[in-house]
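The values are calculated or read from the model by the stated rules, or taken from the named source; none is laboratory data. All values derive from a computational prediction rather than experimental measurement. All Cβ positions, even for glycine, are placed from backbone atoms using ideal geometry, and neighbour counts span all protein chains on display. Surface areas here come from the heavy atoms of the whole protein model, side chains and all, with no ligands, DNA or RNA. Shrake-Rupley method; radii C 1.70, N 1.55, O 1.52, S 1.80 Å.
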Amino acid sequence: MRSSDEPSSDLHTLRFRWREGGEPFEDLALEDLLLEEGSRGPILWTYAWPKPVLVLGYAQPSSDVDPAPCLRLGVPILRRITGGSAVLHEGGSSLSLSLALPADHAWAQGIHALYGAFVSAVAEALQGLGAEVRPWRPGDGTPRRRSPLCFEDHLGETLLAGGKKVLGCAQTRRRRAVLIHGALLFGLNASFQARVFGVEPARILAAMGALPARPGLGPASAARAVCRSLARALGSPFSEEPPPALPPALSARRGGSKWMISPPPLAAP
């Protein structure tokens with residue numbers, strides 16, 4: 001399927017992929033493939049999970065989180081290829097957005113510039129769906145700096161709703177491509193977040209929020225709205241395609257302690 005708000009024949013097409021209910025390890029591993037593909041043109045990979053998953057940043061020490069609560073609650077702990085800190089995807093109430101671009105693309109020339117362009121496009125998409133959101137500004141302050149919890153850091157990669165963080169982003173940069181990954185919250189169970197991270201619920205509520213409930217506003221509609229918004233900002237047509245199979249080299253990471261820190265519990269016999 002091919003469509004565009006403002007077709008442009010002299011720019012790369014933005015390739016768009018969406019999946020709901022995929023296997024979390026595979027969805028995260030496909031972001032590495034996205035970096036290879038992104039060197040040839042922009043590509044957006046979006047996905048949502050029905051069950052909780054805790055995802056650490058690439059270089060984040062696993063000691064930042066206590067695995068015991070996750071084991072008790074049946075929450076696997078995985079790692080992504082982008083930096084930043086931990087995000088608890090509660091299941092059914094978050095959306096992952098990953099955009100890869102060639103390293104020589106204008107948006108890719110600076111870390112802060114890429115955050116600004118991406119967050120602005122996400123904000124425009126959500127505003128078009130009736131959500132009152134805006135990018136973080138320095139005057140907003142930050143509840144906590146350099147926290148092991150992504151959503152406690154309110155900085156330039158942040159989108160706010162009602163003064164609370166609803167989008168957090170991180171990047172990875174390689175010689176031929178860059179990738180920015182964002183986690184967008186549609187719901188917040190502060191008690192559950194607090195149990196996983198071993199903190200008081202008040203600490204979660206001080207920093208984190210969720211998009212206000214609106215008819216037609218959910219992970220699938222937001223994924224497509226973000227695609228359209230990014231295509232407009234990039235001045236590019238877009239084309240939707242299914243996600244590819246996971247290559248054997250990436251599948252081989254399964255079970256390795258780097259990428260799968262604490263696997264999901266085995267199903268009862």
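What label, among (1) 1.05; (2) 1.00; (3) 0.95, belongs to Cα Rg over 2.2 N^0.38 Å computed from the structure on display?
(3)
Please give the charge dipole size of region 153-269, origin at the Cα centre, charges +1 on K and R Cβ atoms and -1 on D and E Cβ atoms. Round to the nearest 20 debye.
320 debye
Per residue, how much accessible area does region 151-244 have with a 1.4 Å probe, in Å²?
With all protein chains present, region 151-244 gives 36 Å² per residue.
Hey, how many Å between the Cα centroid of region 225-255 and the Cα centroid of region 38-104?
15 Å
If you stretched the chain out fully between ASP104 and ALA213, how much longer would it get, using 0.36 nm times the residue separation minus the C-alpha to C-alpha distance?
Extra length available between ASP104 and ALA213 comes to 35.4 nm.
If the cut-off is 14 Å between C-alpha atoms, which aspartates and glutamates fall inside it for LYS164, apart from same-chain ones fewer than 8 positions away?
GLU132, ASP140, GLU152, ASP153
Report the net charge of residues surrounding GLU36, where surrounding means a beta-carbon distance below 10 angstrom and charges are Lys +1, Arg +1, Asp -1, Glu -1.
My count for the surroundings of GLU36 gives +1.
Quick one: compute the contact order of the chain, relative version, from alpha carbon pairs under 8 angstrom and 6+ residues apart, as a percent.
29 percent
Report the antiparallel proportion of the DSSP beta bridges in the chain as a percent, rounded to a multiple of 5.
Bridges in the chain are about 70 percent antiparallel.
Among GLY182, PHE192, TRP107, whose Cα sits farthest toward the positive end of the charge dipole of the chain (+1 at Cβ of Lys/Arg, -1 at Cβ of Asp/Glu, about the Cα centre)?
PHE192
For region 1-119, give me the percentage of DSSP beta bridges that are antiparallel, rounded to the nearest 5 percent.
Roughly 45 percent of the beta bridges in region 1-119 run antiparallel, per DSSP.
Would you work out the charge dipole size for the chain about its Cα centre, treating the Cβ of every Lys and Arg as +1 and the Cβ of every Asp and Glu as -1, and quote it to the nearest 20 debye?
380 debye
Report the accessible area of ASP66, computed with a 1.4 Å probe over the heavy atoms of all protein chains in place, in Å² rounded to the nearest 10.
Accessible area of ASP66: about 90 Å².
On the accessible surface of region 146-269, probed at 1.4 Å, how many percent belong to carbon and sulfur atoms?
59 percent
Assign one of three labels to region 186-269, namely rounded, prolate or oblate, based on the Cα gyration tensor with a ≥ b ≥ c the square roots of its eigenvalues; rounded applies when a/c is under 1.5, prolate when it is not and a/b is larger than b/c, and oblate otherwise.
Oblate shape, in that a/c is at least 1.5 and b/c is the bigger or equal ratio.
Rounded if a/c is under 1.5, else prolate if a/b is larger than b/c, else oblate: which is region 111-155, with a ≥ b ≥ c the root eigenvalues of its Cα gyration tensor?
Prolate, since a/c reaches 1.5 and a/b exceeds b/c.
Taking only protein heavy atoms and a 1.4 Å probe, what accessible area per residue, in Å², does region 76-137 have with all protein chains in place?
33 Å²
Give me, ordered by chain and number, the residues 5 or more places off LYS51 or on other chains with an amide H under 5 Å from its own placed amide H.
Correct list: GLY92.
What does the charge dipole of region 68-207 about its Cα centre add up to, to the nearest 20 debye, if the Cβ of each Lys and Arg holds +1 and the Cβ of each Asp and Glu holds -1?
My answer is approximately 480 debye.
Rounded, prolate or oblate: which fits region 115-189 when a ≥ b ≥ c are the square roots of the eigenvalues of the alpha-carbon gyration tensor, with rounded for a/c under 1.5 and prolate only if a/b beats b/c?
oblate
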